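The values are calculated or read from the model by the stated rules, or taken from the named source; none is laboratory data. For clarity, every value in this text was computed on a predicted model and none was experimentally measured. Using ideal geometry, Cβ is built from the backbone for each residue, glycine included, and neighbour counts are taken over all protein chains shown.
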Amino acid sequence: MADGAISNDWKPGRGLLGPLKPLLGIWETETDGPQPGLRLRCTRTFRLVLGGGWVQLEARWAMGPGSAYEETALFGRGADGRLAFFSFTSDGKRSEGGIADGADVHPQALAFEADMPAGRARFVYWPEAENKLGFAVESCTKKGWNRFVKHTYRRVE
């Protein structure tokens, strides 16, 4: 599928959680780690929870035998009534933010922004091909968004 092409399986649903519908399921990727020779494997599982009023993300970065970084996030109605997320990580950090514009990445991108201790951050999901998902993490600079993570996930389930 050409870059920027629309994937047939990327169809948002209705309601507040509708934009998250294409993400539901289990996604995996394997990529180079920060040190030479280190391979990272990440699994992202999105599922409806709490009576269908929230989407839960369970992300696990396997970084070798006995070493992992984990995140649990909930997506649902924020205090302002808009789609928001609340994230908690295994290193004791937490963040929260809201839905944002990601059209500069892909016409169908689903983006969220948050104010972090180091500044404004954005994470973005978009369709790359049939059963493939693009994911990026970016920091906001004076010149625009600086991408420091970019992965392609494949649907497992």
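Among residues of region 101-115 that are free of Cβ contacts under 8 Å to residues at least 12 places away in the same chain, those with a beta-carbon under 7 Å from a residue that is in a loop (DSSP other than H, G, I, E, B) and of a type outside the set (K, R) at least six positions away or on a different chain give the pairs A103/A109. Selection of region 61-78 for residues being free of Cβ contacts under 8 Å to residues at least 40 places away in the same chain, assigned to a strand (DSSP E or B) and crowded, with 16+ Cβ neighbours inside 10 Å yields W61, A62, E71, A73, L74. No other residue among F88, F148 is surrounded by 12 or more Cβ atoms within 10 Å (Cβ to Cβ), of a type outside the set (D, E) and assigned to a strand (DSSP E or B) apart from F88.
Let's see how each residue does on (1) within 23 Å of D9 (Cβ to Cβ); (2) modelled with pLDDT of 95 or more:
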position: G76; (1), (2): no, yes
position: K93; (1), (2): no, no
position: G98; (1), (2): no, yes
position: P117; (1), (2): no, no
position: Y125; (1), (2): yes, yes
position: E130; (1), (2): yes, no
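Against the criterion of being loosely packed, with under 13 Cβ neighbours inside 10 Å, assigned to a loop (DSSP other than H, G, I, E, B) and either in contact with a Ser or Thr (Cβ under 9 Å, 6 or more places away or on another chain) or modelled with pLDDT of 90 or more (or both), G81 qualifies.
Scanning region 116-123 for any residue that is part of a strand (DSSP E or B), among the aliphatic types (A, V, I, L, M) and under 14 Å from P19 (Cα atoms) turns up nothing. For region 85-107, does any single residue satisfy the condition of being closer than 18 Å to R154 by Cα, within 15 Å of the chain's Cα centre (by Cα) and not acidic (D, E)? Yes, region 85-107 contains at least one residue that is closer than 18 Å to R154 by Cα, within 15 Å of the chain's Cα centre (by Cα) and not acidic (D, E). For region 29-42, residues that are surrounded by fewer than 16 Cβ atoms within 10 Å (Cβ to Cβ) and either touching a His at 6+ places or on another chain (Cβ under 6 Å) or assigned to a strand (DSSP E or B) (or both) total 5.
In summary, S139 fulfils each of the numbered conditions (1) exposed (fewer than 14 other Cβ atoms within 10 Å of the Cβ); (2) over 21 Å from D9 (Cβ atoms) with the single exception of condition (1).
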